[in-house]
Each structure stands twice: as structure tokens, then as C-alpha cells.
1. For the range B:47-122, what is the relative contact order in percent, using Cα pairs closer than 8 Å and at least 6 residues apart in sequence?
2. Need the list of lysines near residue A:9 for cross-linking: C-alpha distance under 29 angstrom, and skip anything on the same chain fewer than eight residues off.
3. If you average over every viewing direction, what projected area does the convex hull of the Cα atoms of the range A:187-308 give, in nm²?
4. Over chain B, what is the percentage of antiparallel beta bridges among all DSSP beta bridges, to the nearest 5?
5. What is the dipole size for the range B:62-304, taken about its Cα centre, with +1 at each Lys and Arg Cβ and -1 at each Asp and Glu Cβ, in debye to the nearest 20?
6. For the range A:21-153, place one equal point scatterer on every Cα, skip the solvent, and apply the Debye formula. What is log10 of I(q)/I(0) at q = 0.11, 0.17, 0.20, 0.22 Å⁻¹?
7. Lys/Arg Cβ at +1, Asp/Glu Cβ at -1, dipole of the range B:152-253 taken about the Cα centre: which of B:209, B:158, B:192 is farthest positive-ward?
8. From the square roots a ≥ b ≥ c of the eigenvalues of the alpha-carbon gyration tensor of the range B:6-73, which class results: rounded (a/c under 1.5), prolate (a/b over b/c), or oblate?
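Where a number appears in this text, it was derived from the coordinates with a stated rule and is not lab data. What you see is a predicted model, and the numbers here were worked out from it, not measured in a lab. Cβ placement follows ideal geometry from the backbone for every residue including glycine, while neighbour counts extend to all protein chains displayed.
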There are 2 protein chains.
Amino acid sequence: MKKYTEMTKDELKEELATLEAEYKRYQGMNLKLDMSRGKPSKEQLDLSMGIMDALNSSVDLTCEDGTDCRNYGCLDGIPEAKVLIGDMMENSPDNIIIYGNSSLNVMYDTVARAMTHGIMGATPWCKLDKVKFLCPSPGYDRHFAITEYFGIEMIVVPMTPDGPDMDMVEKLVAEDDAIKGIWCVPKYSNPQGYTYSDETVRRFARLKPAAKDFRIFWDNAYGIHHLYEDKQDYLIEILDECKKAGNPDMVYKFASTSKITFPGSGIAALATSLNNLEDIKKQLKNQTIGHDKVNQLRHVRFFKDIEGMREHMKKHADLIRPRFEAVEQILDENLGGLDIGSWTKPIGGYFIGFDAMEGCAKAIVAKAKKAGVTMTDAGATYPYHKDPHDSNIRIAPTFPSVENLKQAALLFTLCVRIVSLEKLLQE
Amino acid sequence: MKKYTEMTKDELKEELATLEAEYKRYQGMNLKLDMSRGKPSKEQLDLSMGIMDALNSSVDLTCEDGTDCRNYGCLDGIPEAKVLIGDMMENSPDNIIIYGNSSLNVMYDTVARAMTHGIMGATPWCKLDKVKFLCPSPGYDRHFAITEYFGIEMIVVPMTPDGPDMDMVEKLVAEDDAIKGIWCVPKYSNPQGYTYSDETVRRFARLKPAAKDFRIFWDNAYGIHHLYEDKQDYLIEILDECKKAGNPDMVYKFASTSKITFPGSGIAALATSLNNLEDIKKQLKNQTIGHDKVNQLRHVRFFKDIEGMREHMKKHADLIRPRFEAVEQILDENLGGLDIGSWTKPIGGYFIGFDAMEGCAKAIVAKAKKAGVTMTDAGATYPYHKDPHDSNIRIAPTFPSVENLKQAALLFTLCVRIVSLEKLLQE
């Protein structure tokens, strides 16, 4: 098909009329489809039903070090959970705290602690006139919501297929001691599915921040969430890299089993240096006596070890892969060659990043919504919900059935075409 | 036996010599006993093993409103958990948020939120020069640890068998708008086992605090934790009472199943007014997508309803009651009539409060420790660990076996006698 950008006004008008008729047909179908959030599908959840049998009333709930998991105690997690999650995160169990059911909660608490008490003896952020975070964007809306909630000024750093623009990151953190952190989803990033290159990770580790209490918030949410066995991204381990670079305390690394077993009923973890752990535990002991050890044990008994977890992730991949491929095929078939949008082709994670023509994202999402297909709000992938180009849209293909997903993706591409035509006609 | 306070010096010396020989005998026994923390015993934990079978892989994990408990969502808890916990707390499900595994964590987060964001539009506490809390004492050390951690000045309010000294509470909160809260364990209080009288609760509800953002932190940790079926304390419901008194937003009420099922693997909850809930959810949605719904469902399926929970609590009582009675019998037999200490006789909760002669508590606890019996640190029941009379000691009888407990209590009374004799000899 001819590029829309090379069509005459008349050609554009003709195309638009055809597509509007098509759109009306969709509106008549009373669709109610959702491509907005990175939720596992029912079939994926079914994969983990075995965890409900991992413990029962005849199982001894004593963990390796003799702790009765049923009683109080154990602030930082049971040893066998630290080993399993340590293997998952590629960190030593000694560097890990096992938390409750949500890594988002751990990140929130990490920012909250820095606000009220500061990091390793530095001034509490709430006592400073200005605190800033770098926000590689497009990025994860819930990260940005935390920093926005705490009144932290967010600075957009452009994302590239290799990770954030490191020239900009290096320059900004070196110049401005009000910059206290950066949000990173380093592997199969949300929403583009990019993985930081070796060079990017090494440059992160070698940052020379003006603020001593600058920390990298490294949310490795999709560390083992591959789509393919034969095509996988690799990410250099950041704690090790920081240690080698003489910046051992510069990173907080987060992960969870939310997209491995059951979201909301999994276990979350933080990996960081021993100095940071000591600093954190001074606070944590005031906040809780300990997290849910029975659920930690349940996860260990279910997976046994990291190999068990990897095998489990292959089953997730088998369910997610066809969904990604279905969406990508529809994008290719319906938008390929039209010169009105581009999209990523991740080999892991939960999202596809789509970039529409400048100024079209909000209109596309609204148009899809009107025909019964919910997308993530346009702008959500940027701090303050402000996409400077009104261009980025996050596609979350995991939750709907393949059939529904195909319908939703078809409608989405139709909306992209219509809105792009309208824009071209206005120019 | 003659009162120690009426003995001659020679009589005191003779008694001391006898008891010191007895103490040496204990030291030779290499005891390692613990009466320090309010932990359930192994037998109590065994009572809840059935909860491990409440869910399994063949159970549908969909809750009443159609939510799949395995997936993301449901910020404030599943409906059936709100009903169960609502019945437990004597509050409407509409006034409840179900949290994660720890009510201490909820209290901490409640203070933390007030620090960084203020309560219902009031100035964040971290922006104020001074924030104060009233601390009825003796009280719960972990409450005091939270306010101390946040740099909140703690003011001791004396406890009476009817609750805190309400004349003092009323006067202080009316005069000083820096007083933002008060810690309360209103039923079977920690450590004395006192229950606030109807009059006390009504006076709480009718407080006229100078600070609009003053809140009562009502930790009803032992609401259904009776020792007897035929002798129980009753506590007036505080939310209702505050509403009647025109102070609907003045209280945050906390509870959990930590001492009902498994500590650390239970569910915690907050009950408060709709205004407060709205204020809290504005924050909570940034902190988490939701708490562990599968565990909420597990609790509902295990207990079915509040009657099931009450039946379950009777089994706990059957295990705890003999322990309380054993300690009380030993206190009576060994200290009764000596005029060197007094203690409470609670009919619920987890603790017995002991008051030694002024200036003796630290020495008694240290002496017990030397012979292998760990008590809660003397002073722990007061803010900043400073008991102005060095008199109060918390006895936690639930965790040890009855046999061990008897040994520990015997040694404890011996230490009380020796330290009291030493004090009397110095006078």
C-alpha cells in the first residue's frame, strides 16, 4: 500500500471514508476489550495452581534454619527464599531482603524512607528545597506516580533501544545534587521491551553523581520473562558492576514473583549492598516484625530451585508469545509501509511500545475507547502524564484471549489509520 | 509470711542468704527460658494448621464479586474478607481496608503518611516544628518505637485499670495543637491486660483536640482474645461512639489475625470513617496495586464466619488460660503478702503487668537473665525505654510450655524477692 504521507488529499479522503465505515461496523459490535494493563491471562494463572498444593496441613512449616514459619520473626526473609530469589535476581542471598507481596510497595517505601529519614545519614529529602528524579521515558506509570506523589520533580530522559540517553544521564547527575534517583526498568522495559546494553549498564555503574545519596532504582521486573528460548536479551548484573566501579552503594534493585506465580500473592525482594541493607533494616524493624514467611516457603517448595522457576517461565512464554506475535502481525499487515507509526518487537516482558505520528496518541486511544477497546491512557508512559509529542501508546497484549486480542489490535490499527488520515488532511 | 517491708534488718539478711543459695541452684540448671514476647506457642499454631487446607489447586479462587483473587487489583480487600474482619472488629465492611500481614506495618504507614502528606489536607507533620503523641504507659514498645523513629515527642499518660488518665488526656489535647495522636490498646491492654471502661471510651469520643488532624490510634489487637467463656471484658465500639459525639473522623482503628491464625501470615485491617478512607486511598493507590487476596480468601474459607473465628479463639483460650493461671499462682504463692510488688490478673490478651518496688525492675530483669530467663527489657513499656519509677515489668506467658513457664515464673519471683531485699537493706 502507498504511504499515507505520500497520498494526495483526494486519496486521503477516499481512504478515510472507507475506514470510517469500517469503524462504524466495529462500533456496532459492542466490544469490551482491554489492552491496558500488564496482567497475566487466566491461562497463565492456571499454570501456578500447583502452588496451592505446595503446602498443606501435614507439611512441616519449619524452614532450614529452624525457624517456625508460622510464628513471628525473621525480618529479612527465610534463608531458602533468599537463595531462590537470589538466583532469580543473580545476587547473593546475603544482599537480599525478602518483602511482602509487592515490589511496587518496596519501591514506594524506599522513597518514603528517604523522604523522612534520608539515605545513610544524608539529609532527609523532605528537608530539602528540591528533590529531582530522572525518568527515562516512555517508562512505567506507577514509578512516576510514586515520585509525583512525593512532590519529587521528574525530568524526562529519552529512551533508546540501548536504554536511557546516557550522555544526558551522566551530565545531569554530575551537575545537579538535587537529582537523587533514576527509575529504570532495565530488561524488557515497560513499555518498549528494550534491554539496556552492556555499555549502558557499565555507564550506569560508573556514574559520578553530585549527590552522595543518589540511587539507581533498578526495577528488574522482567528479568526471566523471555518469550523465546532461542532469542533472549542479556543484562549485565548491576550490583556487581557498581561494586567493580567503586560505587557499591549506588543501586537499589527490585524484583518480585508477581508475573511468575500470582500477582498480589507472590513475594517481592530488594537486592543491594550490605551498607544499604544495614541502613534499611534500621527502619524496617520499626515497620514490621517480618513478612509472610509461609508464603515464602510456599514459593520455595513449589519451585524447588531456579531451574524449576525457569521451566515454569517457559510455560508462561508459550502462552504470551502467540499474543505478541498476533499483535505484531496485525500491526505489520495493517500499518506496515503506511509511514504513520512505528512499534517495538520485544522478545520478552509484557508490552509493545507504539509510536504514532506526533499529536495523534490521545485521539487514537479515545477513538479505540469509543469502540469498546481500552488502551493505557496516552501520556501515561511519561511523567505527569505529559507526552511531549503525544505520540507514545503502550500495548499490553497478555491478558485478553488471542481471539479478543486480534479484534482489539485490528480496531487499534484502524483507529491509528483514521486519526493519522485526519491529521494529514488538516496539514 | 511476714511483709518484707516490716522485717528487721536481721530478718531481711537471713531471708536474703536463703534466697541467694536458691538462686545459685537455679544458675546451675543452665536454663534457657523466654517470657519476653507475646508469641503464640507451638500448640497454638497447630490449632490453625487447617488453614493450610482451606485452599488447594482444585478450589476456585474467584471471590464473591467475581474478582479472580489470583490476579492484580482490589486495593482495599475482597468483600468477604471485609465482612469477616468487619464482624471481628465490630465495624461495617464499608469502613474497612484489608491490608497485608501486619497491623504494625499499617500503623507505621499511617504515621508515615501523616508525616509526608498530612491528614485530610492538614500540614504534613514533617513540616511542623514539633509533633507530639500521648503515650498511655505502661504500653506497647513497638508503638513507641514508631513514634520515636519519626522524631515525634512522646508524653507519658499514666494507665489506670479503667484506661488512660482521661483528665490528663482531655486537658493536653485541648491545650496543645502539636499533639497529633495517642496510642491506645483499649482491650486487654499490652502489658497490663486492662480494658478501657465505658466512661473512658465515651470521653475519648468526646475529646476536643486543638489539632484538627489529631487521631486516636486505636490498636484493638486483642478484641476477641478472651481467656474465659464466662468472664469477659466488653469494650464500647469507638467508631460509633466518635460518630455519635460528632467526631466521626477522629479515630484509626487497627486489628489483625496475627494471634488468631499465624503471626506474620495473617491479614491486617484498618477501620475508620469514609472521609479518612478516602484520604488514605489517595496514598495507598500509589503504594500498591493491592494486598494478598489469596490469603484473604484463605482466611474466609477457613473460618467461614465470625462464629467460626470465635470457636477457634476458645481453643486458643484453652491453651493460654493454664499458662496465665500457672504464673498467677506462682506470683501469689511466692510474692503474695510480701508487699514488694503487685500484678494484674487479666482475663484476656497476652500479658501480665508486674510492678516491682520503685527502682527494682532493671535489676530484677538482669538477675533473671543471668540465670537464663529472658524477660522483656525493663523500661520497654515506657516511651524512650524510660520507666520513671523503674518498676514495670511485662510478663508474656503464652510461648513457653507450662512446665518451662512455671520454672521461669519461679525464678522470676525469686529475683523479685532478692532484689527487693537488697533494696530494703540499703534503705
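1. On the way: 37 pairs, mean separation 13.4, N = 76.
With pairs under 8 Å counted, the relative contact order is 18 percent.
2. A:24, A:362, A:367, A:369, A:370, A:423
3. Details: hull surface 37.6 nm².
One quarter of the hull surface, i.e. the mean projection, equals 9.4 nm².
4. Numbers: 18 of 38 bridges.
If we restrict to bridges inside chain B, about 45 percent are antiparallel.
5. Details: 28 positive and 34 negative charges, 114 e Å.
My answer is approximately 540 debye.
6. Normalising to I(0) and taking log10 leaves -0.72, -1.16, -1.29, -1.35.
7. Positive-most Cα among the choices belongs to B:209.
8. Values: a/c = 6.28, a/b = 3.99, b/c = 1.57.
Cα axes put the range B:6-73 in the prolate bin.
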